[in-house]
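Contents: one structure, followed by commentary.
The values are calculated or read from the model by the stated rules, or taken from the named source; none is laboratory data. Model, not experiment: these values are computed from the prediction. Positions of Cβ are backbone-derived with ideal geometry, glycine not excepted, and every protein chain shown enters the neighbour counts.
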Amino acid sequence: MRLDLIGSDLVCPVCVNDAPNAPPLEAVPYTGKIEVASEMTSTFEAGVLHCLRCERNFRVEDGVGFFSGLPHSAGRKDDFGRGRYNTEAYARAYIQTHFRDVIADDKAARTHLDLHDVTGFYSCSANNMYYRSMAEMLFTKLPLGATVLDLGCSVGRLSHELARKARVVVGADSSETHIRVAKTIQRHRRVSFRVGEATVSGKYVGDPEIVVDVSSVVRNNVVFVVADEQCLPFRLFDGIVCSAVIERVPNLEVFLRTLRHRIHDGGLLLLSSPFDQDERFVDRSNWLGYGAYGTELGTAEESLRGLVQRIGFRPIGGIGSVGEGGPSPHNDAYRRDLRWVTYNDRRKHMVWSVHAELFEACDSL
């Protein structure tokens, strides 16, 4: 963990909710030596982060902090984070989704891609504008050098895009597998996968492992942690981004209220969703557009806007769309439909229209 970037803001995820001025966590390496906050000037690879107030310890392994497992009220109907999503096969599928453009441009990988890219996932519009467009949306209004949370970051591509202009980005995900992969990519500046691997069975065509250098898009000012919205070990953020997360949260009102308490007044919240609502994860009565949380019946976009406003944010955009090739003439800076292409296996990939909208936190709840 880059303690030089986050040391003074690193606090107990339990105490921060009832003690806003809780002291920073102390880094205790496995050697037993305690490094106080003023000495947090380098990476912290292994040990525990200790809270002086409640005496809890949170482990750090291979530079990743683990803060999951705390009780939280927005628990999932189906524990997707510990199920299929948390498997290595799913993580490798996310690698191909997140780094599709870099992989497609790698000459050494082209031979294997041409043989096994049955659906044209890598050859059709390989430029990966979704993640960069999301980052650009946030920083149309957020000042350079801000602190940003990428909640539900998976293997980290959006975190790295945000880090181009942020002082520090915290990439958080409830999946230990995805965060370990994200940290490995950051450390070694490369991704590895097998073309054609299926997300469910883990089987693949038989092609050798492909290794691609991704140093052109990886940044050092990203800190990855295993955590969800209820156990974030940080004080307030300038901006929070949730990409394709809200459609899997069973109690979205609780989720958004929690985020409002972790963002500065005047800070920005960027939400995106394909509104792929599914009863395995969220009861139909809580689907946006169905009058959930007391919002009006209508489109999912309208319902989301109404809910977010009631919680303490205000929308700041009009309406527009953007394709993978770049902004359309009708594009709006703060509210867009983005094209997102995701990998499933050698015979299937999916193209989504993802609604993205930027909101500003109103002064004092």
Is it the case, given these coordinates, that residue 28 is within 23 Å of residue 154 (Cα to Cα), of a type outside the set (Gly, Ala, Ser) and either at pLDDT 90 or above or over 26 Å from the mean Cα position of the chain (by Cα) (or both)? no
For segment 343-364 the number of residues that are buried (at least 16 other Cβ atoms within 10 Å of the Cβ) and either outside the structural domain of residue 268 (by TED's automatic domain parsing) or farther than 28 Å from residue 122 by Cα (or both) is 4
Take segment 92-150 and flag every residue that is under 16 Å from residue 238 (Cβ atoms) and hydroxyl-bearing (Ser, Thr, Tyr). 140, 147
Kindly provide the set of residues from segment 291-312 that are surrounded by fewer than 17 Cβ atoms within 10 Å (Cβ to Cβ) and within 14 Å of residue 251 (Cβ to Cβ), ordered by number. 294
Within segment 169-180, take every residue that is surrounded by fewer than 23 Cβ atoms within 10 Å (Cβ to Cβ) and not polar (S, T, N, Q) and give me the one that is farthest from residue 101 (Cα to Cα). 176
Right, residue 332: closer than 19 Å to residue 301 by Cβ, at pLDDT below 90 and out of contact with any Cys (no Cβ under 8 Å at 6 or more places or on another chain) or not? yes
The lone condition residue 136 fails out of (1) among the charged types (D, E, K, R); (2) free of Cβ contacts under 8 Å to residues at least 12 places away in the same chain; (3) over 30 Å from residue 63 (Cα atoms) is (3)
Can you find even one residue in segment 96-111 that is surrounded by 20 or more Cβ atoms within 10 Å (Cβ to Cβ) and at pLDDT below 85? no
Would you mention how many residues in segment 262-305 are of a type in the set (Lys, Arg), farther than 28 Å from residue 237 by Cα and outside any helix (DSSP H, G or I)? 1
In segment 139-161, residues that are buried (at least 17 other Cβ atoms within 10 Å of the Cβ) and either more than 30 Å from residue 5 (Cα to Cα) or touching a residue at least 60 places away in the same chain (Cβ under 8 Å) (or both) total 16
Can you tell me which residues in segment 192-227 are part of a loop (DSSP other than H, G, I, E, B), at pLDDT 90 or above and not β-branched (Val, Ile, Thr)? 215, 216, 219, 220, 221, 227
